[in-house]
Amino acid sequence: MCSRPTCCRGHGQERIRAMSELSLTIITSFVYPFCSQEWVLEANVISITVQVQFVEHLIKVLCDYVKYLNWIDVEILVILICDLVNSRCVSADSCFSFLESFFHASQDENISQVGRDYYVYLILLAIPWVAGAFVEEIKVEFEDFLGKIDRYMKSRPSLDYVSIISVWNSDEMPPQKEYLESLWSQILGLKKDGWKISYFARYQDDFVTILRTATPHKLPMFTPCVFKNPSKYPSPKVVFRIYGKENLLAKNMNLPECESIERFLLEQDLVWIIEKNYQQKKECAHLLVSFRKREEVSLDFLIVEVLFGKIFQLPKPRCAQIFYSSLLIELCHSWPNTIPQVVAQATQMICDNLDTMNMTCFDRFVDWLSFHLCHFKFLWSWENWINCGELNPLAPQRMFFTELLCDCLQLSYHERLVEVLPTALHKLIPEVPLPKNKFSGSGADRLPGASIAQHLTQALKEKCTPEDVHAILMDCPYPDDDMDMPFNPLKIEVLTTAVLVSGSRSISHTVAILIKLVSYMSVFKEFAADSKEAQIHLLQTLHEVWFANEQRIMIVVDKMLKMQIIQSLAVIEWIFSEKMRGNLMRHYVWQIVYSMTTRLSRSIKQIQEELDKKQAEEGTMSSASSDGERSSEISAIQLKLSAAQELQKAVIFTLLQKVIILLSEHLLQSDAEDRDSHTGWFKAIQGRMIQIFNIEHKSIINYADELSSYLFTSDIDAVITEPFFNYLTMLK
């Protein structure tokens, strides 16, 4: 029960605000039903004026939540408002009109399909809590309304995109149903059961006598905002499932059926606890652990399932993956007798289905497990993976294990992996992550530029000036004395190798030497910035030096992009070059790509916000003396924004074009050799293409028409283009 704050005993606007805060506190604390004994009395044994003002205030808050796209709180508040019908604070007919307003908004010609579905979802979200009252008071209207929703559900466009945002493309795991279809089937099941919900007590039933004296109030008119841009609404999703009754660790453990409304309501509670406390993992874990004490249901399994569902949510989770990962660790520490067992079981089930796992989820699973093992001393059932050494390098299990060890190495050290892994797996442990300096060691003296590289390395240790660096490098000869080459590859090799080796002791040393490179930037730019081929050669040299340390490669590429020593398009050309072809299946290569595209999107967002701010200031300031200066600033920002958008477009188009060419060549070669084209390699590269869609889904919307016209054309095999067009149906 929630105790009534003293402030609620006052009158006027302060009392309204206090009651509103109390109601939101109750709901965000996830105490079902929302109307505790104190709440029922407070809401119904006060003056009619205060009740009306309170209800009006809730609608006003809801309008603000919708306007500012605060969808989590929209969902919570919609349920609260509807549940007030059960405590006779709100009339059933006005609540019905309230829900109808969402349906009317979903029929607006200017709303996107994503928005239509989401507003119908909000209706379905509230129905379990208010259906009993509707059946009792407005049964005919309610039945007609359900009929409208049923017709809407049957008339929805194709859901071909579901396979793209599903965690698995397999029938072996529980069905990954589209979120609206899943909830609608659960609502129909609830209707069949006479609208009776298990597991959730209705405390209002204990106050029937008091509630009969209360006067229900009508909700004010409410019209939800309509957004044409689908990205304004939460993205479509599938309902993640790994647990059915057959997966439980003990027979006396109990979970609601996957298709039951109780399963959805419990999961929704857990999701709200998690996402309303995403900045406080300890508090969040405490709330989840406390929630576990609900009788009759084995919520350990649901908590773990929900958290994995959030980690794997496509196209993008609402919170950063590091939060969900840290929360799982916190839960393991809080309940060591149960949660670790459930996590281990879930991990094994996911590992057993890696061959049909979505590539984005595959990467996230690698990242999660390496992070999790790092916090438990890398103790795991490694012996179960001994057969990995005999698998094809492109087999999903082998690829997963390879990437897992690489990530573990980044979070630990080589000797620790040797210590914890069985001897049979030692051959799969990555090399000791040391730099390779081809200009040093046995036989290096015979290489062109070796003496210059050694001289430069010593000069860098002595903190030489850019002029000194330039003078040393001037002695580097051109290959075959061809002075007409656009760049001198030896200069790039010598400078890049010397700089990287000088900062090789640790990541912090690498970052420090790269920061110092600001003073050497003129030297790098002279040798590389004006030539894409030179930048590619620089990147290839970087790869040769840090071949055994993928993390350093990612860090250095990221820093050089920020310092504008290299350009994004050069990075793409390097990744898809012949020399890097053998690395295309590696996770770190694609991490470089996704980090680069994400940075571009973030930059555009920041510039757009800066432009919006300046334009808003221009609209509020009327001083004629500064009008010209502000207009000049706005024009400069607009040019900057246009340039950033053009670069983003070029990067996305080039990236997708490279992938399409790779896949097309594979299909042609397979046809020529009369062999199956749908190999592990093909599925992995196609998965990477879909991963680009998932990561850049907001940008893909902007370029969809041009991508359809210039890249995903009718002359490209449908096997390649189909995922793109399926994905577009989700974005509309």
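Among the residues of region 441-454, which ones are modelled with pLDDT of 85 or more, in contact with a helix residue (DSSP H, G or I) (Cβ under 8 Å, 6 or more places away or on another chain) and surrounded by fewer than 16 Cβ atoms within 10 Å (Cβ to Cβ)? Even if it seems obvious, please write down each step before you answer.
Within region 441-454, the first condition is being modelled with pLDDT of 85 or more, and the residues that meet it are 447-454.
With in contact with a helix residue (DSSP H, G or I) (Cβ under 8 Å, 6 or more places away or on another chain) added as a condition, the list becomes 448-453.
Selection gives 448, 451.
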(message) Please verify whether residue 86 is within 27 Å of residue 318 (Cβ to Cβ), among the polar types (S, T, N, Q) and either free of Cβ contacts under 8 Å to residues at least 24 places away in the same chain or outside any helix (DSSP H, G or I) (or both), treating the condition exactly as stated.
(response) no
(message) I need the full set of residues from region 674-732 which are touching a Lys or Arg at 6+ places or on another chain (Cβ under 9 Å) and not in a helix (DSSP H, G or I), in order please.
(response) none
(message) Suppose we filter 311, 303 for residues that are within 22 Å of the chain's Cα centre (by Cα), farther than 23 Å from residue 598 by Cβ and in a helix (DSSP H, G or I); which single one remains?
(response) 303
(request) Could you list all residues from region 314-344 that are assigned to a helix (DSSP H, G or I) and of a type outside the set (A, V, I, L, M, F, W, C)? (result) 321, 324, 325, 326, 330, 333, 334, 340, 341
(message) Please count how many residues of region 177-208 are more than 20 Å from residue 106 (Cα to Cα) and modelled with pLDDT of 85 or more.
(response) 12
(message) I'd like to know if region 105-128 contains one or more residues that are hydrophobic (A, V, I, L, M, F, W, C) and touching a Cys at 6+ places or on another chain (Cβ under 6 Å).
(response) yes
(request) May I ask you to list the residues in region 383-426 that are part of a helix (DSSP H, G or I), among the aromatic types (Phe, Trp, Tyr) and exposed (fewer than 14 other Cβ atoms within 10 Å of the Cβ)? (result) none
(message) Quick check on region 131-174: of everything there that is exposed (fewer than 14 other Cβ atoms within 10 Å of the Cβ), in contact (Cβ under 8 Å) with a residue 12 or more places away in the chain and within 22 Å of residue 352 (Cα to Cα), which residue is nearest to the chain's Cα centre (by Cα)?
(response) 170
(message) Given the options 171, 160, name the one that is within 29 Å of residue 731 (Cβ to Cβ), modelled with pLDDT of 80 or more and charged (D, E, K, R).
(response) 160
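For the structure I just gave you, tell me whether residue 653 is at pLDDT 95 or above, aromatic (Phe, Trp, Tyr) and closer than 30 Å to residue 612 by Cβ.
yes
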(request) Tell me, yes or no, whether region 289-300 has at least one residue that is under 21 Å from the mean Cα position of the chain (by Cα), farther than 16 Å from residue 332 by Cβ and assigned to a helix (DSSP H, G or I). (result) no
(request) Mind listing just one residue for me: the one in region 300-328 that is surrounded by fewer than 19 Cβ atoms within 10 Å (Cβ to Cβ) and of a type in the set (A, V, I, L, M) and, of those, farthest from residue 346 (Cα to Cα)? (result) 320
(request) Select from region 677-721 the residues that are closer than 25 Å to residue 233 by Cβ, in contact (Cβ under 8 Å) with a residue 60 or more places away in the chain and not β-branched (Val, Ile, Thr) and list them in ascending order. (result) 691, 693, 694, 696, 697, 698, 699
(message) Need the failing condition index for residue 355 against (1) in contact with a Pro (Cβ under 8 Å, 6 or more places away or on another chain); (2) crowded, with 18+ Cβ neighbours inside 10 Å, just the number.
(response) (2)
(request) Residues being within 19 Å of residue 142 (Cα to Cα) and among the small types (Gly, Ala, Ser): count how many of those fall in region 178-198. (result) 3
(message) Exactly one of these conditions fails for residue 398: (1) closer than 30 Å to residue 356 by Cβ; (2) touching a residue at least 60 places away in the same chain (Cβ under 8 Å). Give me its number.
(response) (2)
(request) Please note which helices (runs of 4 or more DSSP H) are completely contained in region 539-654 and include at least 3 residues that are assigned by TED's automatic domain parsing to the domain that holds residue 490, exposed (fewer than 15 other Cβ atoms within 10 Å of the Cβ) and at positive phi. (result) none
(message) I need every pair where a residue in region 216-234 that is within 22 Å of residue 314 (Cα to Cα) has its Cβ under 6 Å from the Cβ of a residue that is among the aromatic types (Phe, Trp, Tyr) and surrounded by fewer than 19 Cβ atoms within 10 Å (Cβ to Cβ), sequence separation at least 6 or different chains.
(response) 234/71
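The values are calculated or read from the model by the stated rules, or taken from the named source; none is laboratory data. Here the structure is a predicted model, which is why all the values come from computation and not from measurement. Virtual Cβ from ideal backbone geometry, glycine too; neighbours counted across all protein chains shown.
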